[in-house]
Amino acid sequence: VQLQASGGGLVQAGDSLRLSCSASGRTFSSYAVGWFRQAPGKEREFVAAITWNGGRTYYADSVKGRFAISRDKGKNTVYLQMDSLKPEDTAIYYCAAVARLTTLTTTSSYDYWGQGTLVTVSS
């Protein structure tokens, strides 16, 4: 499956953005999807994940209450709604997918990755 992340941009602190992760090549409905981010000079870190049926979601403590992950099976797309953005949210955001039952909060669990979309939050 090929993943395409989009929706990044330059915003001010307190603003909102919605990232999209669209899939092609195979139906997305049987894959769990995660969002990760990587800031300059830092390791890639977990942000949020959603199970294949949307029944469970997971969030990093740093984004809990501000970010929301959801999926639209009809559009073969997973979204990351980001509200109350902070400068420390600045990073390249990646979406990833996996079809196996696994821990969804670690990078090594995922088999497919998108190319990333840059989010810059100014203070």
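The values are calculated or read from the model by the stated rules, or taken from the named source; none is laboratory data. What you see is a predicted model, and the numbers here were worked out from it, not measured in a lab. Cβ sites come from the backbone with ideal geometry, for glycine too, and all protein chains shown count toward neighbours. Keep in mind that these areas ignore ligands, DNA and RNA; they rest on the heavy atoms of the full protein, side chains included. Shrake-Rupley method; radii C 1.70, N 1.55, O 1.52, S 1.80 Å.
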Search the structure for amide H atoms under 5 Å from the amide H of residue 86, placed 1.01 Å from N in the peptide plane, and list their residues when 5 or more places away or on another chain. 14
Region 4-105: relative contact order as a whole-number percent, Cα under 8 Å and 6+ apart: 37
I'd like the antiparallel share, as a percent to the nearest 5, of DSSP beta bridges with both residues in the chain. 90
To check my understanding: the extent here is largest minus smallest coordinate of the Cα atoms along each principal axis. What are those three numbers for region 1-77, in Å, largest first? 35, 25, 23
Considering only C-alpha atoms, what is the centroid distance from region 1-51 to region 67-123, in Å? 2
May I have the count of lysine pairs in the chain with C-alpha atoms under 24 Å apart, counting pairs 8 or more residues apart or located on different chains? 4
Share of accessible surface on carbon and sulfur in the chain, whole %, 1.4 Å probe and ligands ignored, is 47
Stretched fully, the stretch from residue 73 through residue 56 gains (0.36 nm per residue minus C-alpha distance, one decimal, in nm) 4.6 nm
Given charges at beta-carbon only (K, R positive; D, E negative), |dipole| of region 1-107 in Debye: 380
With r as the distance between the Cβ atoms of residue 24 and residue 118 and R0 = 25 Å, compute the FRET efficiency 1/(1 + (r/R0)^6) and round to 0.05. 0.70
Just subtract the alpha-carbon distance of residue 39 and residue 16 from 0.36 nm times their residue separation and send over the number in nm, one decimal. 6.4 nm
